[in-house]
Amino acid sequence: MASRLNVLKASTAIAMLSAYGLVAVSSASANDHNTNWAGGSFGFHAGWGLGNSSTQEEGDPDDIANDTLISGGLFGAQAAYDWAFSNGLILGLGASFSGTDINGTDVDKECAPNCGGFDETKVDALASVTGRVGWVGNDPSMMFYARGGLAWGQIHHGWITDTYDESYSKSAGHFGWTVGAGIEKSLSNWPGVTASLEYNYYNFGSGRELGVVDGNDIEGDLDVHTIMFGLNLRPGMNDGDVHAASNGAYDWTGVSIGVHGGWGAGASDNYSDYSDPDWISNDTNLSGGLLGLRFGYDWDMMNNWVVGVGASISGTDINGFAEDNYGPNDLSGLDETKVTSLLSVTGRVGWKGNNPSTLYYVRGGYAQARVDYGWIPYTYDYSYTGSNTHHGWTVGVGKEQALPFWPGATGFLEYNYYNFGDYQGISNNSDYKVDGQLDIHAVMVGVNFRPWQQTQGDESDKNEQSELTNAWWAGPSLGIHTAWSIGETDSRSDWDSDSGVDTDIGGGQIGIQAAYDWAIGNHWVLGLGASVAATDINGFGEDGDCVTGCGDLSEIKIDALASVTGRVGWNGGDASTLYYARGGIAWAHANYDWQPSSYYYTYTGSALHTGWTVGAGLEKKIPMFENATVFAEYNYFDFGSWEDTDVTPDGYYLDGKFNFHTAKIGMNFKFNGPQQ
């Protein structure tokens, strides 16, 4: 555990130093604009968290799992007010709120062989109210700061005792404290906007009461480390600057293609259609991240109105677990729900108001969700899993704004509500089914690209793009990315050849990459690169070949992914766009939870797997930025067959294989300067 946290701390330091270089090259000289840090700000952030959850039963310390490694993504909003003093001193107060999917599972390895309590922890939300002290040095566009204050977390614990005759689940808010440090940089090409990179440590103390088992109190400790990237809007900064997109007419008519990320929260109410409706858990709170694509067509009408149609698809990790407290003798069933994808086809109506480059809109239409279910009845002698596509409806509101530094691109912020009504008959067991209800709230931010958008562009930017040569791509680069993966894993125990479980996996990731490219002739580029990402690619499944009334349960979570690859790129008539293919070696760190059909014990383990990856992508120079590019990329990862992953305290192993597909978007910053 200590080594994993030390890796996080080292990665944090590297990422923060890297960000200093990234934002430095992406902005013009500090003397080009007057930066004023005093005043209010509000913005959005995304990031990753890694930590440790420790639980213990007061009367029987071996009965409940402890030292559970937790990790996952986060997405949220922040607001602050700063005061500027002489000698570069900045003092401020701020508040932050994040929805998170920081989670993990474990069993007690100190229990005697073939037993062990099972524990699952999920941090649903993090919030803080902090003060900060900042310093502005020779570059008035950049602030270094430290912060600290009160923290709050909504933390969900679920566990099964080692006797497997009862389970518990409890979600509660806990107070603690937080400290952190970061860098904030104003973007000269985007007046009134700053970018930030920040590390925070959250501690929720020890001895927190989590519940009661057999008359004994359950207590726990929890701490979390997070890295967050953010954008802040500062209305009082550079008031005299006027966004270029507001100077002329903006035509919304045409096709748009975009990407988005966000956070979803909702509820799933599941119940069995067996004679006992309380047999299966219900009222499960769900939350998690999402990442996806969208397509649309708009018509710019008279009198500032815009109408359009569009489609959106997102991979999601919106999930949760709960218990049914209605079982006899304090027994209870366990339920887990995971929304793996969301799709919608909608119409929208928008209004431009006084600014033709800003659109306020409402949307609504058809929605579809793919959902996985897993549950164990309170008798604990078998389990069920199921997956189904649900149909429903969605409505939402949003704001879309032309980006002044990127002709043909718009940014948007959007809220959507999804309702899938009542559904019936979810199970891979022919005898018993589960009915239920599902609804979701989602907040999304993203970028749309409008290739045929007609706007009053800056001729100097167009000339700059046309004057680029292939030599511009040569040299080192460093960047950040986010991605979504879907795939499958097949795992089986070496003590039971019939115990195979095919599990669909999916989830998000966030990471950094570094590369060096060589320009060959007028159109070819060769490069070498490395990438590392924190991931939450996970899934659960059951052995469908087992006879009715039993089945092995398997859960896998890939929490880290790395690769070293070469790439070959080509740009034709437009030197600002590079098309490329890549391939090389890959590594994945995976955690395994395994529960045999006998249900007398559980196993966990982890392993580092080596495999290979291939992919293809497109990278594009951002107009008005001398050294920045954006890219979209597809990769396939295959880790072949692996053997002898130690998941037990008594000498048994898991064998298996897994592979997945990844869609990635990101930004690179080049350090060699423009090469003309």
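The values are calculated or read from the model by the stated rules, or taken from the named source; none is laboratory data. Keep in mind that this is a model prediction, so the values were computed, not measured. Backbone-built Cβ (ideal geometry, glycine too); neighbour counts: all protein chains shown. Ligands, DNA and RNA are excluded from the accessible area calculation, which covers all protein heavy atoms including side chains. Shrake-Rupley method; radii C 1.70, N 1.55, O 1.52, S 1.80 Å.
What the table shows:
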| read-out | value |
| --- | --- |
| In region 415-446, the residues that are of a type in the set (D, E, K, R) and either open to solvent by less than 10 Å² (accessible area, probe 1.4 Å) or modelled with pLDDT under 90 (or both) | Asp422, Asp431, Lys433, Asp435 |
| Yes/no for Asp119 being within 17 Å of Asn591 (Cα to Cα), at pLDDT below 90 and in contact with a Gly (Cβ under 8 Å, 6 or more places away or on another chain) | yes |
| Condition met for Trp484 (buried (at least 19 other Cβ atoms within 10 Å of the Cβ) and at pLDDT 90 or above) | no |
| Meets criteria (at pLDDT 90 or above and either touching a Leu at 6+ places or on another chain (Cβ under 7 Å) or at positive phi (or both)) for Gly408 | no |
| Restricting region 89-104 to residues that are touching a Phe, Trp or Tyr at 6+ places or on another chain (Cβ under 7 Å) and open to solvent by 20 Å² or more (accessible area, probe 1.4 Å), the residue that is farthest from Trp263 (Cα to Cα) | Leu89 |
| Of all residues making up region 202-242, the number that are within 31 Å of the chain's Cα centre (by Cα), surrounded by 15 or more Cβ atoms within 10 Å (Cβ to Cβ) and modelled with pLDDT under 85 | 8 |
| Test: residue in region 373-395 that is open to solvent by 40 Å² or more (accessible area, probe 1.4 Å), closer than 30 Å to Leu231 by Cβ, among the aromatic types (Phe, Trp, Tyr) and modelled with pLDDT of 85 or more | no |
| Among (1) polar (S, T, N, Q); (2) surrounded by 17 or more Cβ atoms within 10 Å (Cβ to Cβ); (3) at pLDDT below 65 - the single one Ser497 does not satisfy | (2) |
| Residue match in region 521-539 (condition: acidic (Asp, Glu) and at pLDDT below 80) | no |
| Single residue of Tyr199, Tyr168, Tyr164 found to be among the aromatic types (Phe, Trp, Tyr), at pLDDT below 75 and open to solvent by 30 Å² or more (accessible area, probe 1.4 Å) | Tyr168 |
| Selection within region 171-194 - open to solvent by 30 Å² or more (accessible area, probe 1.4 Å) and in a strand (DSSP E or B) | Ser171, Gly173, Phe175, Trp177, Val179, Ala181 |
| Test: Ser71 is at pLDDT 95 or above and in a strand (DSSP E or B) | no |
